[in-house]
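Take a look at the structure below.
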Amino acid sequence: MKRVLFLGAPGSGKSTQGQMLAEKLGWKWISTGELLRSSDDPWVKEKLKTAELFPDEMIFELLTEALAGVDGAILDGAVRTKAQALYVLSPEIGLDTVVEISVPREELLKRVLQRGRDQDTEEIAIQRLEDYDKMKGEILEVLRQGGVKIFEVDGVGTPEEVQARLREVLKEEQ
């Protein structure tokens, strides 16, 4: 296990859990959301204020650059479309494990609205949750067909409780 993708709806705790696990393993945490939010490009800043997804090619480029020379990595939020799911199966990325963090919708909405990011309005949060629900099945099917091991973890509880469940599931993988 060298490349693990954290999949989950906005507000599921992917970033918190990904950072905690990356630190524990001494791996790199790569969040496409963080990479985009740190951009100085005015177009990127404006697009972040919408519920629209970024072009697949842009995500491919971000991932390729971020993973250059990296051995172990936790990918956070890197797959939002079928094309991106196919891309993470490529030898350049070498994804072998997916952890889907599941949280009830009401809890997701509450968490997103409490984050305080500029783009986290209720309207955008609801749209992003709906978009995730629409694409999730197709993304998981592509990854499953690609031979990736997929685990589901309950994302409700304290960060430490969720991390314990996550580590237990990944222990089976090693």
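The values are calculated or read from the model by the stated rules, or taken from the named source; none is laboratory data. In this text, all values refer to a predicted model and were calculated from it rather than measured experimentally. So basically every Cβ, Gly included, is an ideal-geometry build from the backbone, and we count neighbours across all protein chains shown. Ligands, DNA and RNA are excluded from the accessible area calculation, which covers all protein heavy atoms including side chains. Shrake-Rupley method; radii C 1.70, N 1.55, O 1.52, S 1.80 Å.
Ser38 exposes around 80 Å² of accessible area when a 1.4 Å probe is run over every protein chain in place.
Rounded to whole Å and sorted largest first, what semi-axes of the equivalent ellipsoid does the C-alpha gyration tensor of the chain yield via the square root of 5 times each eigenvalue? Provide the component values of the computation, followed by the final result.
Working: eigenvalues 102, 79, 49 Å².
Computed over the chain, the values are 23, 20, 16 Å.
Both the radius of gyration and Dmax for the stretch 89-135 are 14.1, 38 Å, in that order, over alpha-carbon atoms. Using the Cβ-Cβ distance between Asp41 and Glu106 with R0 set to 45 Å, the FRET efficiency works out to roughly 0.85.
When shorter helices are ignored and each DSSP H run of at least 4 residues is given -39500 (n - 2.57), the per-residue value for the chain at 222 nm works out to -16500 deg cm²/dmol. Once the Cβ-Cβ distance of Glu138 and Met58 is raised to the sixth power relative to R0 = 25 Å, the FRET efficiency obtained is 0.80. Which lysines have a Cα lying under 30 Å from the Cα of Lys45, excluding residues fewer than 8 positions away in the same chain? Within the straight-line limit of under 30 Å, Lys45 reaches these lysines: Lys14, Lys28, Lys82, Lys110, Lys134, Lys136. In the elastic network of the chain, a GNM with C-alpha springs shorter than 10 Å, the most mobile of Ser39, Ser15, Ser102 is Ser39. Only Cα pairs under 8 Å and 6+ residues apart enter the sum, and on that basis the relative contact order of the stretch 22-174 stands at 25 percent.
Toward the positive end of the charge dipole of the chain, with +1 on the Cβ of Lys and Arg and -1 on the Cβ of Asp and Glu, the farthest Cα among Val162, Pro104, Ile126 is that of Val162.
If you place +1 on the Cβ of every Lys and Arg, -1 on the Cβ of every Asp and Glu, and leave all else neutral, what size is the dipole of the stretch 28-124 about its Cα centre, to the nearest 20 Debye? Provide the component values of the computation, followed by the final result.
Numbers: 12 positive and 20 negative charges, 60 e Å.
Here the stretch 28-124 has a charge dipole of around 280 debye.
The GNM of the chain, with springs linking C-alpha atoms under 10 angstrom apart, assigns the highest mean-square fluctuation among Ile74, Ile126, Ile30 to Ile126. Surface calculation, 1.4 Å probe, protein heavy atoms: Glu23 sits at approximately 150 Å² accessible.
Which FRET efficiency, nearest 0.05, do Glu130 and Lys24 yield, Cβ-Cβ r, R0 41 Å? Don't skip to the end; give the middle numbers.
Values: r = 33 Å, r/R0 = 0.81.
That pair, Glu130 with Lys24, gives E of 0.80.
For the stretch 74-174, the solvent-accessible area of protein heavy atoms averages 53 Å² per residue (probe radius 1.4 Å; ligands and nucleic acids excluded). Computed extension gain for Ala68 through Ala83, at 0.36 nm per residue and net of the alpha carbon distance, reaches 3.4 nm.
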